[in-house]
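Read the structure below first, then the notes.
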Amino acid sequence: MTNTYPKIICLVTWLAITTGSAHAAVPDTARPASVPARPATESRVITAEGVVEAVRQTVLAAQVSGAIVALHVKVGDSVTAGQVLARIDARAAGQTAAASQAQVQAARAALNVAAKDFNRQKQLFQQGFISQAALDQADAIFQAARAIVDAQIAQAGANQTLTDFYTLRAPYAGVVAEVSVVQGDMALPGRAIVTIYDPTALRVTANMPQSAHIVAAMASQTRIDFAGAAQPAITPTRLTVLPTVDANTHTQQVRFDLPAAVRATTPAIAPGMFARVYLPDPAGDISGRVTVPLSAIVRRVEMTGVYVLDTDGNASLRLVRLGRVSNGTVDVLAGVTAGEHVATDPQAALKARK
């Protein structure tokens with residue numbers, strides 16, 4: 001027993017030394033650069049992913065059958081209202097229209113003869129040379145000839161309108177988004193030929209949770225970012241909440257009209273582009289939320305965290321839940337409290353741990 005106590009004392013002394021050395025303060029020269037987590041000052045926002053749409057996008061299809069003999073536009077071309085986009089072989093329709101015009105001329109000639117005959121019969125009746133029945137018969141022939149002329153004129157107009165169907169024109173000024181055929185293809189009624197859209201009237205459509213309580217007055221506080229568009233966030237001019245809710249996802253569609261000048265300043269924005277929408281959350285608060293530099297975030301596969309430094313400068317990795325990114329900082333919704341120091345260089349913090 002007398003030899004046991006010195007061994008125990010030595011073991012306790014060794015543990016105290018190793019424990020103290022494990023928690024020794026990191027020298028100032030090796031301490032990673034850090035900043036304190038600051039309390040969030042902005043209100044909580046609702047984030048949603050949306051897509052850019054054209055308010056006016058038209059698929060121009062053929063109304064008649066025939067071979068496409070000319071295509072005057074290609075994808076990306078700007079067109080004006082009434083500009084010819086494509087032509088369909090209209091030779092048969094043109095001949096029908098010409099035949100109708102000839103029939104109109106023939107009907108007018110017959111009407112002219114019937115009118116002269118009726119006037120002669122009227123004079124003979126006034127002189128008492130013919131009966132009332134003969135005059136009525138001449139009048140009937142004249143009225144029938146006039147009706148035939150009206151019918152032929154209407155038929156000629158219909159045939160002329162039909163010839164216009166063989167020429168495809170732009171209904172408004174816009175940009176060609178798609179050309180679905182090539183010259184020589186057969187056009188059929190309902191088959192799409194050209195798709196155009198108006199670049200001055202764009203909107204972003206996003207699905208929002210039904211609990212968000214989106215109102216039109218929130219448009220001025222909404223911000224929209226676009227992937228691939230090097231410009232600050234855009235504020236929509238109007239917000240429209242559709243009155244229906246999807247039964248499967250329990251979300252409702254919200255449309256954000258973009259300013260007309262957005263296309264002129266940012267030509268990269270086009271229908272189909274991804275967009276992210278930020279709206280203020282009326283029911284949200286900022287209690288417990290802090291902001292840290294974006295450079296402090298560590299991402300490892302599916303893990304997101306930051307290195308938090310204690311009072312001695314030791315760094316420990318802590319999992320966090322992130323919120324909105326803004327101006328080089330990111331909101332931390334959980335994992336870090338205000339005042340705690342986070343390493344701004346995760347690689348240096350990792351080396352300091354080693």
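Throughout, read-outs are computed from the coordinates displayed, never taken from laboratory work. What you see is a predicted model; the values in this text were computed from it and never measured. Please note: Cβ atoms are built from the backbone with ideal geometry, for glycine as well, and neighbour counts cover all protein chains shown.
Per-structure values
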{"quantity": "Partner aspartates and glutamates for Lys351 [C-alpha distance under 18 Å; skip if fewer than 8 residues away on the same chain]", "calculated": "Asp28, Asp310, Asp312"}
{"quantity": "Protection-proxy order for peptides 247-255, 156-164, 303-311, each taking the mean of Cβ atoms within 10 Å per residue, highest first", "calculated": "303-311, 156-164, 247-255"}
{"quantity": "Zero-based 5 Å bins, Cα pair distances in the stretch 159-230, whole percents", "calculated": "3, 9, 14, 15, 13, 10, 10, 9, 7, 7, 3, 0"}
{"quantity": "Coordinate range along principal axes, alpha carbons of the stretch 142-191, Å, largest first", "calculated": "56, 26, 16"}
{"quantity": "Dipole in debye (nearest 20) - the stretch 68-208, about Cα centre, beta carbon charges: Lys, Arg +1; Asp, Glu -1", "calculated": "220"}
{"quantity": "Efficiency of FRET between Arg146 and Ala99 - r from beta-carbon atoms, R0 25 angstrom, step 0.05", "calculated": "0.75"}
{"quantity": "Cβ-based net charge around Val308, under 11 Å, with every Lys or Arg adding one and every Asp or Glu removing one", "calculated": "-1"}
{"quantity": "Proximal aspartates and glutamates relative to Lys116, as straight alpha-carbon distance under 20 Å, when same-chain residues fewer than 8 apart are discounted", "calculated": "Asp136, Asp139, Asp150"}
{"quantity": "Length released on extending from Ala216 to Arg169, taking residue separation times 0.36 nm less the Cα-Cα span", "calculated": "13.2 nm"}
{"quantity": "Extension gain from Asp117 to Met303, taking 0.36 nm per residue of separation minus the Cα-Cα distance", "calculated": "56.9 nm"}
{"quantity": "√(5λ) per eigenvalue of the Cα gyration tensor, the stretch 91-137, largest first, Å", "calculated": "38, 8, 4"}
{"quantity": "Quotient of Cα Rg and 2.2 N^0.38 Å for the stretch 187-264, N being how many residues it contains", "calculated": "1.39"}
